[in-house]
Amino acid sequence: MPKILTLGEILLRLSTSPGDLLSCSHSFNVNYGGAEANVATTLASFGHDVAFASKVPDSPLGAAAVRSLRASGIDTSRLLMGGNRLGIYFLEQGGTLRNSKVIYDRESSSFSQMDIGEWDFDRLFADVALFHLTGITFAVAESWKYYGQILVKAAFARGIPVSFDINYRPAMWTMEEARAAIIPILPMLTYCCANYLDARNFFGIDASVAVPGNMEACYREISRKYPNLRALYATDRNVISPTCHELQGMLWTGGVFIQSRRYRMEQIVDRIGGGDAYAAGMLHGFLTGMDPEETVQFATATSVLKHSVNGDALPLSADEVRSWEGASGREVVR
């Protein structure tokens, strides 16, 4: 398997038990996660050689974060130690008609305050065949709006394919800030996770085209403007209630638009990380030579299964995903 490098902030996740409110909780469930770390964990579970680059404090919490990555089979040799603190986020689990709530406490974290000059880029990208990061990393601090661009340019200059999940979070930065940071890297991307709003806001697709249910036209226009993109993908999610969703995967590659089966997920255990699982499933398909139909179906199955598991990432093997995907009696809408 080729070496995959993911880079971003790993966070301590403290979540309530189902039915408990943050304001009334006396204990929390502990996990470690974050967009790029979640992708790394799932790809490592699929048997890939994966490295994760970040910076965590030289403290018991930092050591615990590193231990969780190593336990998942992830190479941590590019992980830096130092700084003041590990970023945290609190998850209040939703239920019935009450939505889940996320509260971040990541200001002045070791990762957000680091200088990327702490990495030797030749060592950072040594033997790397794919580089993956997300828009969340660009948004963690003012400096990272530029650091993210520098890292993408460094990978591109070395001929390393870049995978990018736009993952725009309005709670973290404004659209103007995001556009200024992300649009310059679009010509350097190989794979991109982008929905219809991303098509409109970052790729400049007309609002009359970039609407729900019209992703084939969106992707066709994007691929004309950015022929460097080998694949564009996203999910279509219909939220019926906090614990009942419908999910379908979409992929554009080689001028062809493919959709997966549409699944109905009842009694969702944990939605966090569903998009990261989908991205990991897509990358697994691209790297192992799956055909497009198989790739989008595998990625969607990976995301669906993530919704059944507590924590940020899916720690199942590719064979387990395929076994579930091939079993009968699934809640397939169409």
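The values are calculated or read from the model by the stated rules, or taken from the named source; none is laboratory data. In this text, all values refer to a predicted model and were calculated from it rather than measured experimentally. Note that each Cβ is placed from the backbone with ideal geometry, even for glycine, and that neighbours are counted across all protein chains shown. Keep in mind that these areas ignore ligands, DNA and RNA; they rest on the heavy atoms of the full protein, side chains included. Shrake-Rupley method; radii C 1.70, N 1.55, O 1.52, S 1.80 Å.
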- prompt: How do the strands (runs of 3 or more DSSP E) wholly within region 219-295 filter down when requiring 2 or more residues that are more than 26 Å from GLY47 (Cα to Cα) and in contact (Cβ under 8 Å) with a residue 40 or more places away in the chain: which remain?
  reply: 244-253, 263-266
query: For region 161-199, what are the residues that are of a type outside the set (Asp, Glu), in a helix (DSSP H, G or I) and open to solvent by 60 Å² or more (accessible area, probe 1.4 Å)?
result: ARG179, ALA180, PRO184, PRO187, TYR196, LEU197
- prompt: Does LYS101 meet the test of being more than 15 Å from ALA35 (Cβ to Cβ) and modelled with pLDDT under 95?
  reply: yes
message: Looking for something open to solvent by 50 Å² or more (accessible area, probe 1.4 Å) and among the aliphatic types (A, V, I, L, M) - is there at least one such residue anywhere in region 300-319?
response: no
statement: Selection from region 208-251 of residues under 28 Å from SER308 (Cβ atoms), in contact with a helix residue (DSSP H, G or I) (Cβ under 8 Å, 6 or more places away or on another chain) and of a type in the set (A, V, I, L, M, F, W, C) yields MET215, ALA231, LEU232, ALA234, LEU247, MET250, LEU251
- line: In region 41-86, residues that are part of a helix (DSSP H, G or I), open to solvent by 30 Å² or more (accessible area, probe 1.4 Å) and over 17 Å from PRO2 (Cβ atoms) total 7
message: Scan region 212-227 and tell me whether some residue there is at pLDDT below 95, among the small types (Gly, Ala, Ser), open to solvent by 60 Å² or more (accessible area, probe 1.4 Å) and more than 26 Å from TYR146 (Cβ to Cβ).
response: yes
message: Suppose the filter is within 30 Å of LEU14 (Cα to Cα) and modelled with pLDDT of 95 or more; does ALA231 pass it?
response: no
